[in-house]
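Okay, so here's the structure we're looking at.
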Amino acid sequence: MIEVKHLTYKTRNKKILLSDLNFEIKDGGFYGIIGNNGSGKTTLLRCLSNTLNIDGGSVFLNHKDITSYSIRQVAKQIAVVPQHTDFLFDFSAHQIVMMGRSPYQKRLCADSEQDLQIVEQSMRQTSTWHLRNTSVKVLSGGELQRVIIARALSQNTPLILLDEPVSNLDIKHQFEVMNLLSDINKEHKKTIIIVIHDLNLALKYTNHLLVIRDGCLIADKPTKEFLTSDNIKKVFNVNSSIIDNNQSQPYIIFQ
Amino acid sequence: MKRQTIIIILLIVALLAMMLVGCIVGTANIGLKDALQVLMSVFGGENSANIPESTYYIILNLRLPRVLLAVVTGGGLSVCGVAYQAIFRNPLSDPYVLGVSSGASLGAAIAIIIALDGAFLGISALSFLTALLTVILIIGISSIGNRLHTTTLLLAGISINFLISALISVLMILNKQEMDKIIFWTMGSLASANYESVAITACFVFIGVMIVALYARDLNTMLLGSSSARTMGVNVERTKKIILVSSTLMIAVIVSFTGVIGFIGLVVPHIVRLIVGSDNRRILPYALLGGMLFMLSADIVCRTVIPPSELPIGSITSLIGAPVFIYLLFNAKKRLNG
C-alpha cells in the first residue's frame, strides 16, 4: 500500500523533524505510531498524506511516487482525520460528512443519489445519523470525532490516517471510537494508521507499531513483540510491567 | 414548491418592483403609468404622444442606468464578500474592511493624475493593480505560518485603510485641479452611471460570480482549514489564487465606476448565512439577489430623502453595515472567551 524510503523532512529554519525513515504499510493492517510529544508523529502523518512537501526520500503509494498523483487522486486513496478541526462557520453534521465526497464530485453538480447513500451509510456506521441536522458547533467532543470519522469513511478510501483521535475523549468514548476503527479495519478491510499516546489502547487494538524518537524510526515491529517493559523504559523512560495471564487482554501497568 | 425556490422568486419580484420604484421616484415627479409606458418603449413599444420628451430622457438616460448600475454593483460586492469570507475563513472580512476597496480607489486616483482616464478601462486597470497589491500586502502581514489570524487580519485592514486614505489626501493636495474628481472615489456614488459603465461592470461581475460559483464547493471544504481541504482533494493554493484574483478584479472594476461603497459584502452575506447556513453553494444566489436589492434600496433612499441634493450612498450602507460589523465583532470576542 505505502512504502516509505529515506523520508526526511526539515522545517523552514532547517531543523530536522524526520530523518531517513524507511518502512512499509501493508494492506489491511492496523498501524499505530507512538512516540513522545514533539518526536515527529504528526509530521510523519502529514508527509504520508502528501499535505507536507518532503525534503528527501520518497513516499510510494501503490508503487508510484505520491507526488506524481494529483491532489484529487490522493484524496481517493487516503482519508485523514486531523487532530483538530476548527469550525468557525456553522455546518450541519450531514454537510460535513458530505464534504468527504468532494474528490468524486464535479463542479456545479448537486450531490448525487450515490453520494447521499454513502453519506447515510457512513453516518449510520458511526452512529451519527441522528445528528445529521445538528450544527457541528454544538456537538460534544465524542460526537464530533465520530462525525469526522464518518467524513473520512464517506471518502471511500482504502487507507485512513488518524491523528490522536481519542486523546480528548473520556474513557467510554475512547473505547467507542477505537471499537469503531477496529470494525472498519476488520469488516471493511481498510488499512488504518493511527497516532496514539495510550499504550494500552495501542496494545489492544493495533497490530503493528512504528516508534518514533527525535525524528528517527527506532522500531517497526508487531505490537505485542514491541511492547515490553524494557522497550517502554527505553523509549519513554517510564518503568512498567506487563500483566499477561493469557486469559484476558494483556495490560501495561506504569510504576 | 420548495421553500428556497419561493424565497428566490420573492427576492426577484421584490428586486423588479424596487427597480420600478427607482425609475419613478426622484426630483421630477413621474407617475407609475407613464414610467411603465416609457420602459415598455425599450422593448419595442410605441412612443406615446402624451408623455413629454423630458420624461423619456429622465427615465431612460438618468434613472434606468443608475438603477441597473446599483443592481450590478450591489450583487458583485455582495458576492465578493462571500468569496473573501471563505478565503480568509473569517465572517468579518470583506473588501471594504480589509482595505481592498480603498486600494482600488488609490489606483483610480493615480490614474486620474497621470491622465489615464482617457484610455478605455485605464482607471479600472490601475485600480485592479493597486487592489491586488493591497490583498497581497494584507496576506503578507497577517499570515502566521499557514494561518490567518482574525485580529491581525483586521488590524492589517485598518492600518492599510489609514495608509491609503492618507496617500489619497496627499495626492489630492498635490493635485488640487483634480481634487473634485478624486474625491468621487473616496465618497462613492452611483450618480455617474451610464450604459457604458453598466455594460462593463456587468461583464466583470458576471464572470466573477460564475468563477466563485464554480468553486463554491471547494470554498466550503476550505472553511475546515487548508490541510483538511487538501486531504479531501481540493487544490487549496490554486483555488485561493483564482478566487482572490477574480473577486478582486470584480471589486476593482466596481470601485473604478462607483467609488468606495462599504459594508455590502459584510451585511448581506451575514444576513443570508443566518437564514440558509454556511453552505456557499446555497449562499451565493441569495447573496447575489440580496446585494442587488440592498444597494438599489440604499441608492433610492440616498437620492430621495433630501431632494434635490443627495446623501452619499456610503453613509447609508455604513449606517446599516457598521452596527452589523460591531455585532459580529462581539460574537467573535465571545467565541474567544469560550
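The values are calculated or read from the model by the stated rules, or taken from the named source; none is laboratory data. From a predicted model like this one, the values you see are computed outputs, not experimental measurements. Neighbour counts are summed over all protein chains in view; Cβ atoms, including those assigned to glycine, are modelled from backbone coordinates with ideal geometry.
Things to note:
- Scanning the range A:83-99 for residues that are more than 7 Å from chain B (Cβ to nearest Cβ), touching a Lys or Arg at 6+ places or on another chain (Cβ under 9 Å) and either under 18 Å from B:R89 (Cβ atoms) or free of Cβ contacts under 8 Å to residues at least 24 places away in the same chain (or both) gives A:F87, A:I96.
- Enumeration of residues in the range A:45-82 that are hydroxyl-bearing (S, T, Y) and within 11 Å of another protein chain (Cβ to nearest Cβ): A:S49, A:T51, A:Y69, A:S70
- Residues considered: B:I271, B:I261, B:I211, B:I275. Of these, the only one that is surrounded by fewer than 23 Cβ atoms within 10 Å (Cβ to Cβ), away from chain A (no Cβ under 12 Å) and either closer than 27 Å to B:Y327 by Cβ or modelled with pLDDT of 95 or more (or both) is B:I271.
- Given (1) of a type outside the set (K, R); (2) in contact with a strand residue (DSSP E or B) (Cβ under 9 Å, 6 or more places away or on another chain); (3) within 14 Å of chain B (Cβ to nearest Cβ), index of the condition A:L144 fails: (2)
- Pairs meeting the criteria (first residue in the range B:208-221 and more than 18 Å from B:L77 (Cβ to Cβ), second residue in a helix (DSSP H, G or I), beta carbons under 6 Å, at least 6 apart or on different chains) are B:Y215/B:T239; B:Y215/B:I243; B:D218/B:T239; B:N220/B:N280; B:T221/A:M99; B:T221/A:S102; B:T221/B:A229.
- Within the range A:212-239, the set of residues being free of Cβ contacts under 8 Å to residues at least 24 places away in the same chain and assigned to a strand (DSSP E or B) comprises A:I218, A:A219, A:K221, A:P222.
- Selection from the range A:100-111 of residues that are at the interface with chain B (Cβ under 7 Å from one of its Cβ atoms) and touching a helix residue (DSSP H, G or I) at 6+ places or on another chain (Cβ under 6 Å): A:G100, A:S102, A:P103, A:R107
- B:S227 fulfils the conditions (1) of a type in the set (G, A, S); (2) within 16 Å of B:G81 (Cα to Cα); (3) within 11 Å of chain A (Cβ to nearest Cβ); (4) assigned to a helix (DSSP H, G or I) except for a single criterion, (2).
- Checked against (1) within 14 Å of chain A (Cβ to nearest Cβ); (2) in contact with a helix residue (DSSP H, G or I) (Cβ under 7 Å, 6 or more places away or on another chain); (3) touching a residue at least 60 places away in the same chain (Cβ under 8 Å), B:M250 passes all but a single condition, namely (1).
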